[in-house]
Amino acid sequence: MSMGTRYTLDGMISVEEALSAVLDLVEHQPLELVELANSMGRVLARDVLSDLDIAPFAHSAMDGFALRCVDVNGPAPDASGPAPDAAAPLRVVGLLAAGSVFDGTLQPGEALRIMTGAPMPAGADAVVRIEDCAVIGEGPACPAGREVSVLTRPAPGDNVRPSGEEARAGDIIMRAGERIGLAAVGLLASTGNAVVEVYGRPRVTVLSTGSELVDATAVPGPGQIRDSNTPALCAAAADAGAFAVAMPLVPDTAEGLRAALEAAVRTSDFVVLSGGAAEGDFDYTGAVIREMGVVLFSKVNMRPGKAQTLGLVGGVPVFGLPGNPVAAAVGFELLVRPALRKMQGHTALERPRVTARLAADVTKRERRRMYLRGTCRRDEHGQLSAIPAQNQSSALYSVMHASNCLIVVPEGAAPLAAGEAVECVCVNLPEGEVL
Ligand code: AMP
Ligand code: MG
């Protein structure tokens, strides 16, 4: 628990305090080596160097002719000089494909037919695109021994990619803490880093409690409902980078929860529980965690879902989410997902937030901070507008599914009027993106 966490009389803490408590509790996963094909989204544990100059050699950026500019432009090229067509044609000395090397040195008056990616021949200083050349006479496409007229005035370096443009041998090409994306994988591959050291992925066990629950594959009997939280939270944990494992459903008994939790902490780096987190007659989450370890908090000033519980059992963080589906999802988004990201070395932990204008009055206010399901989008003037969903029931996944953000309504008494600025947590945008 971070220093300075303030509890109200009933033990309720703010969302910020809850987040810093869970972030303080989790640790970075042990490091591991991964091959690049499996490295997407992972976070580098060390600075990475290039082993070579990349590109290792100057090469053509176009299909065309490698040549010496002076042969086309004359010794002192300037715009008022002779028209390009006045230059003598160049003698074609061969054809060079990518992967081959031209042995000789281009001599005055010579040109080399060259393909994209082929190394520049010694002596040449530019490439002229094939479209800007005219091969003299009829004949096959490979015109060794023929002559070519150059129709433009090339400058040294034209259509040549220099060596070392991407990196120099020994350069740090990525830093520890950077996230690996598609371009990073390419950069790592080209610089000789086929295997990289990254933070490991946590094993997350998801377990739901509730005697009314049946598996999603079953048809519920009287009084029963399908367990929607386990698949939702497993999928969300996997999306956050974890290895997520679902446990069998746990009925509302202290013994059942104890046994399940004991098994879960043995094989997990983090346990996500849902249900039984409130103070009903059959809500055992807080009591069982306290009995098996410690409870760091059990109430957070948020709606939906004030019954958010953080505990530590056998050295493993256990997060008890409420059973109400949207309360569980919002708790996961705000408090669990950032923790799972931190364990994997990410430094951008929270979803992006934007400020938008409320599209409708919010009359219902209360002491708790509200996270309204809603849609954030640009209106016809390009302004961001936040439209709260009509139905704010914490039981309805459908409303959250149709939303793209959580609209933050700060704790306080006064109603908010349409047009006021509010913050939106963009739960459907990846970290680092903007709307
Ligand atoms: P609880 O937090 O256990 O008091 O549950 C609050 C509400 O959420 C009740 O209506 C439960 O039936 C429902 N609920 C609890 N767990 C789940 C679950 N895993 N899937 C779907 N609904 C649930
Ligand atoms: Mg329950």
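The values are calculated or read from the model by the stated rules, or taken from the named source; none is laboratory data. Owing to the predicted nature of the structure, the values given are computational and were not obtained by experimental measurement. No Cβ is skipped: glycine too gets one built from the backbone with ideal geometry, and neighbour counts run over all protein chains shown. To get the accessible areas, we keep the full protein, side chains included, count just its heavy atoms, and leave off ligands, DNA and RNA. Shrake-Rupley method; radii C 1.70, N 1.55, O 1.52, S 1.80 Å.
For region 205-236, how many residues are in contact with an Asp or Glu (Cβ under 8 Å, 6 or more places away or on another chain) and either on the phi > 0 side of the Ramachandran plot or near ligand 1 (Cβ under 8 Å from one of its atoms) (or both)?
8
Restricting to region 104-124, what's the tally of residues that are more than 15 Å from Met62 (Cα to Cα) and crowded, with 21+ Cβ neighbours inside 10 Å? So that I can check it myself, show each step before the final result.
From region 104-124, those more than 15 Å from Met62 (Cα to Cα) are 104-110, 122-123; that's our starting set.
With crowded, with 21+ Cβ neighbours inside 10 Å added as a condition, the list becomes 106, 110.
The number of residues fulfilling the criteria is 2.
In region 392-414, how many are open to solvent by 30 Å² or more (accessible area, probe 1.4 Å) and part of a helix (DSSP H, G or I)?
The number of residues fulfilling the criteria is 4.
Evaluate region 335-342: report whether one residue or more is in contact with a strand residue (DSSP E or B) (Cβ under 8 Å, 6 or more places away or on another chain) and over 25 Å from Gly280 (Cα atoms).
yes
I'm trying to understand the selection: among the residues of region 207-257, which are under 15 Å from Gly275 (Cβ atoms) and of a type in the set (D, E, K, R)?
Correct list: Glu212, Asp215, Arg226, Asp227, Asp252.
Under 8 Å by Cβ, and 6 or more places apart or on different chains, what pairs join a residue from region 244-262 that is hydrophobic (A, V, I, L, M, F, W, C) with one that is at pLDDT below 95 and part of a loop (DSSP other than H, G, I, E, B)?
Correct list of pairs: Ala254/Tyr284; Leu257/Gly276; Leu257/Tyr284.
Quick check, is Ile407 under 14 Å from Arg303 (Cβ atoms) and at pLDDT 95 or above?
In short, yes.
Scan region 237-268 for residues that are of a type in the set (A, V, I, L, M), within 16 Å of ligand 1 (Cβ to nearest atom) and part of a helix (DSSP H, G or I) and jot them down.
Correct list: Ala237, Ala254, Leu257, Ala260, Leu261, Ala264.
Just the residues that are among the small types (Gly, Ala, Ser) and free of Cβ contacts under 8 Å to residues at least 12 places away in the same chain, please, taken from region 123-181.
Gly137, Gly139, Ala141
Which residues, counting only those in region 200-231, are more than 16 Å from ligand 2 (Cβ to nearest atom) and open to solvent by less than 40 Å² (accessible area, probe 1.4 Å)?
Gly200, Pro202, Val204, Thr205, Ala218, Gly221
Just one of the numbered conditions (1) at positive phi; (2) away from ligand 1 (no atom under 16 Å from the Cβ) is not true of Gly275; which one?
(2)
Yes or no: Thr355 more than 16 Å from ligand 1 (Cβ to nearest atom) and at pLDDT 95 or above?
yes
Looking only at residues in region 252-289 that are aromatic (Phe, Trp, Tyr) and within 15 Å of ligand 2 (Cβ to nearest atom), which one is least open to solvent (accessible area, probe 1.4 Å)?
Here the residue is Tyr284.
Only one of Val101, Val127, Val70 is at pLDDT 95 or above and loosely packed, with under 12 Cβ neighbours inside 10 Å. Can you tell me which?
Checking each option against the conditions leaves just Val101.
Looking only at region 171-181, count every residue that is under 18 Å from Ile54 (Cα atoms) and either buried (at least 19 other Cβ atoms within 10 Å of the Cβ) or among the aliphatic types (A, V, I, L, M) (or both) and tell me the total.
Taking region 171-181 and keeping what is under 18 Å from Ile54 (Cα atoms), we get 171-175.
Remaining after also requiring either buried (at least 19 other Cβ atoms within 10 Å of the Cβ) or among the aliphatic types (A, V, I, L, M) (or both): 172-174.
So the answer is 3.
Could you go through region 361-372 and let me know if any residue there is within 19 Å of Met302 (Cα to Cα) and of a type in the set (S, T, N, Q).
Yes, region 361-372 contains a residue that is within 19 Å of Met302 (Cα to Cα) and of a type in the set (S, T, N, Q).
So that you can scan it fast, the table gives a plain yes or no per residue for (1) assigned to a loop (DSSP other than H, G, I, E, B); (2) at pLDDT below 95; (3) in contact with a helix residue (DSSP H, G or I) (Cβ under 6 Å, 6 or more places away or on another chain):
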{"position": "Gln107", "(1), (2), (3)": "yes, no, no"}
{"position": "Leu112", "(1), (2), (3)": "no, no, no"}
{"position": "Thr116", "(1), (2), (3)": "yes, no, no"}
{"position": "Ala134", "(1), (2), (3)": "no, yes, no"}
{"position": "Glu138", "(1), (2), (3)": "yes, yes, no"}
{"position": "Gly145", "(1), (2), (3)": "yes, yes, no"}
{"position": "Ala155", "(1), (2), (3)": "yes, no, no"}
{"position": "Ala176", "(1), (2), (3)": "yes, no, no"}
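Can you name every residue in region 413-428 that is farther than 15 Å from Leu334 by Cβ and modelled with pLDDT under 85? Walk me through it before giving the result.
Looking only at region 413-428, we keep the residues that are farther than 15 Å from Leu334 by Cβ, and these are 413-422.
Ala413, Ala414 - these are the residues of region 413-428 that are farther than 15 Å from Leu334 by Cβ and modelled with pLDDT under 85.
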